[in-house]
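Notes follow once the structure below has been shown.
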Amino acid sequence: MRFLIIGDIVGSSGLKKLKVEYQKLVEEYKIDFSIVNGENSANGKGLRMQEYNEIIDLGVDAITMGNHIYYRKEMAEQYSKLPRLLIPSNITNLIGNGSIIVEKQGKKIGVINIIGRVGMGEIAESHISSPFQAAKNEVEKLTENLVDYIFVDFHAEATAEKIAMGYYLENSVNCVFGTHTHVQTSDETILDSGMAYITDVGMTGPKGSVLGLKKELALKRFLTGEYVKYECSQNEAMLSGIFVEIDDTTKRAIKIERINR
Ligand SMILES: [Fe+2]
Ligand SMILES: [Fe+2]
C-alpha cells in the first residue's frame, strides 16, 4: 500500500499550496492513503471546522494535530466528534481521538497522534503524560482491532525523543514520522524491523518566513526579547512531506522518500 504524509500546513498560503499539489501527488505516487498535519492551518494557530472541511474535501484520509490544539477554544468540543481528526493521545486535559481506524481498499489503517514532552514549553508538563506509554496503549488498542497498518505522527521538538520513539515502536508499527519543527530532516530510513522512520517531515507553509511566522516579527522577538504577536507570513508556500510504500504481504516498508514542492 502506498502512503502520502504531508507536514504541518501553515496558514492560508500553506493550505493553498496543499490544494494545488495534493491531487498531482496522489496521481504521481499512486497514493492509497494520506495523512496531513493540520495544526497550523488556521492562520498559523490550530484548525477550525473550515480548514478541517477544506482538507478532508481534497480526499485526505486523516488529519493529525499538535500543540496548537489549544488556540481554537471553539474546537474543543469538536475534537472527539470528527472521525478523521486526531489530537495527541497523551494530552490530558482535552478529549479527542488519539488514534483512529480508517478502512480503505479492504484494509484497516490505524493512525496514532502523540506529542513529545521535551522542549514543549507552551504546554504545562502536567498536561502531557508519557508519550511512550501513550503510544504503547494506542498500539495495543489498534492491534486488538486487527488493523493492517499503523502510522504514528510523533509531534515533538527534540530529535533524541523522536529517534527514541522510532526504536521503541519499530516492532509494532509500520511508520513513525515526526512533525512540529517545520524543518524537514534528511534521516529518512527503513529500520531493520522494516519500519519506516523520519525525524521530521517538514512544513507546508510560507517560504521566506521563520517556521511560518513573518520573518520581521521573528527577528524583532529575538533581537529585543519583547513579546511579539504571531502573524502568519502570506508568502507563497512550499510543500514538504514523504512517500512511504509498505509491502502488503510482509508488512515491511519498501520505500520512504522525501517530497518537496
Ligand atoms: Fe506545526
Ligand atoms: Fe507544533
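The values are calculated or read from the model by the stated rules, or taken from the named source; none is laboratory data. The model shown is predicted, which means the values in this text are computed figures rather than measured ones. Cβ: placed from backbone, ideal geometry, glycine included. Neighbour counts: every protein chain shown.
Of note:
- Condition met for A218 (farther than 24 Å from N97 by Cβ and within 16 Å of ligand 1 (Cβ to nearest atom)): yes
- Of all residues in segment 1-39 being away from ligand 1 (no atom under 14 Å from the Cβ) and among the small types (G, A, S), the one that is nearest to the chain's Cα centre (by Cα): S34
- Tallying residues that are of a type in the set (S, T, N, Q) and within 16 Å of ligand 2 (Cβ to nearest atom) within segment 155-208 yields 7.
- Hits in segment 173-210 - residues which are away from ligand 1 (no atom under 16 Å from the Cβ) and closer than 21 Å to I87 by Cβ: V173, C175, V176
- Qualifying residue in segment 154-172 (condition: more than 15 Å from ligand 1 (Cβ to nearest atom), among the hydrophobic types (A, V, I, L, M, F, W, C) and under 14 Å from the mean Cα position of the chain (by Cα)): no
- Among the residues of segment 118-166, those identified as of a type in the set (D, E), touching a Gly at 6+ places or on another chain (Cβ under 7 Å) and either at pLDDT below 95 or over 19 Å from D61 (Cβ atoms) (or both) are E157, E161.
- Residue list for segment 217-245, restricted to those being under 26 Å from I198 (Cα atoms) and of a type in the set (F, W, Y): F243
- Just so you know, in segment 1-54 the residues that are of a type in the set (V, I, T) and away from ligand 2 (no atom under 16 Å from the Cβ) include one that is farthest from V176 (Cα to Cα), and it is V20.
- Of the set (1) within 16 Å of ligand 1 (Cβ to nearest atom); (2) over 25 Å from G202 (Cα atoms), all apply to N145 but (1).
- Test result for K45, out of contact with any helix residue (DSSP H, G or I) (no Cβ under 7 Å at 6 or more places or on another chain) and either farther than 20 Å from V152 by Cα or not in a helix (DSSP H, G or I) (or both): no
- Strands (runs of 3 or more DSSP E) wholly inside segment 158-261 that include at least 1 residues being surrounded by fewer than 24 Cβ atoms within 10 Å (Cβ to Cβ): 240-246, 253-260
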